[in-house]
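Notes follow once the structure below has been shown.
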Amino acid sequence: MEKSMKNYSHILEIDEERKLLVINRVFEDGKRQLFTSIDLPGKTFSEDEQGFREFAQKLGENLL
């Protein structure tokens, strides 16, 4: 039995009101499915270097 591979892309969007990075999976037919969302850092890199590192790690883990 052959497995069917579905092709899809991911779109990253910034929701400034909710302070989120939203990742949607987009299928060939245009249908979108929420993949995940990540809280944006509340401070600048120079104000909260560790917070940015944690954000970058979460983002990387979700993309991979």
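Summary of computed values
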quantity: Accessible-area order (highest first, 1.4 angstrom probe) of the listed residues Thr44, Thr36; calculated: Thr44, Thr36
quantity: Dipole axis of the chain (+1 Lys, Arg; -1 Asp, Glu on Cβ), positive-most option in Ala56, His10, Thr44; calculated: His10
quantity: Quotient of C-alpha Rg and 2.2 N^0.38 Å, computed over the chain; calculated: 1.41
quantity: The chain - charge dipole about Cα centre, Lys and Arg +1 at Cβ, Asp and Glu -1, debye rounded to 20; calculated: 300 debye
quantity: At R0 = 22 Å, FRET efficiency that the Cβ-Cβ distance of Phe52 and Ser9 yields, to 0.05; calculated: 0.25
quantity: Accessible surface, 1.4 Å probe, highest first, among residues Glu61, Glu16; calculated: Glu16, Glu61
quantity: Sequence-distant residues sharing a close amide H with Leu40 (under 5 Å, placed H); calculated: Leu20, Leu21
quantity: Reach of Lys6 by Cα under 18 Å, taken over aspartates and glutamates that are not fewer than 8 positions away in the same chain; calculated: Glu28, Asp29
quantity: Cα-based helix-to-principal-axis angle, 49-63 vs the chain, degrees rounded to 10; calculated: 0 degrees
quantity: Distance between segment 32-50 and segment 13-27 - C-alpha centres, whole angstrom; calculated: 11 Å
quantity: Total formal charge among the other residues, if their Cβ is under 12 angstrom from that of Pro41, Lys/Arg +1 and Asp/Glu -1; calculated: -1
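The values are calculated or read from the model by the stated rules, or taken from the named source; none is laboratory data. Note that the structure is a prediction, hence the values are computed from the model and not measured. Here the Cβ is made from the backbone with ideal geometry for all residues, glycine too, and neighbour counts use every protein chain on show. Surface areas here come from the heavy atoms of the whole protein model, side chains and all, with no ligands, DNA or RNA. Shrake-Rupley method; radii C 1.70, N 1.55, O 1.52, S 1.80 Å.
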